[in-house]
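Below: the structure, in C-alpha cells.
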Amino acid sequence: MITDMKAKSLVAIPPQIAKKLSLRKGDLFDVTISEGNLILVPIVVRPRVEVEKMEKELAKFQAAEAKAEEEALAGDEGEEEEAAE
C-alpha cells in the first residue's frame, strides 16, 4: 500500500491496516529506522504503579510455577525409586 507524507511530516496509516491492527486515534508508536526502513511499533504506556503491581503478580506466578515443577519432578523421582524396588 502506498501513502504520502503530509505537512509537518504526518503520514496516514491506511484504514485497512489501522483496522487490522486495532489502531485508534491517539495510539502511541515507537518509531525507528532499520536497514533503511521506517518501523512503527504500537506501544502502550502504563503508570509506574500499575507496572510494579503487574511485576509483583508475575513474580508470584513464576514462584508458584517453579514450586509446582519442583514438586512434579520430586514425584517423578519417587515413582522411579518405587519401580526399581
Cut-off under 29 Å on the C-alpha distance; same-chain residues fewer than 8 positions from K25 excluded. Which lysines are left, in chain and number order? K6, K8, K53
Using only the Cα atoms, what convex hull volume per residue in Å³ does the chain have? 211
Helix axis angle, 48-84 relative to the chain longest principal axis, alpha carbon, degrees: 30
Per the rule of 0.36 nm per residue minus the C-alpha distance, extending R24 to A63 adds in nm 10.4 nm
Could you calculate the FRET efficiency of N37 with K6 from 1/(1 + (r/R0)^6), where r is the beta carbon distance between them and R0 is 25 Å, rounded to 0.05? 0.80
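Any read-out appearing in this document is the output of simple, stated calculations on the displayed coordinates, not a laboratory observation. Computed from a predicted structure; not experimentally measured. Every residue, glycine as well, gets a Cβ built from its backbone with ideal geometry; the counts of neighbours run over all protein chains shown.
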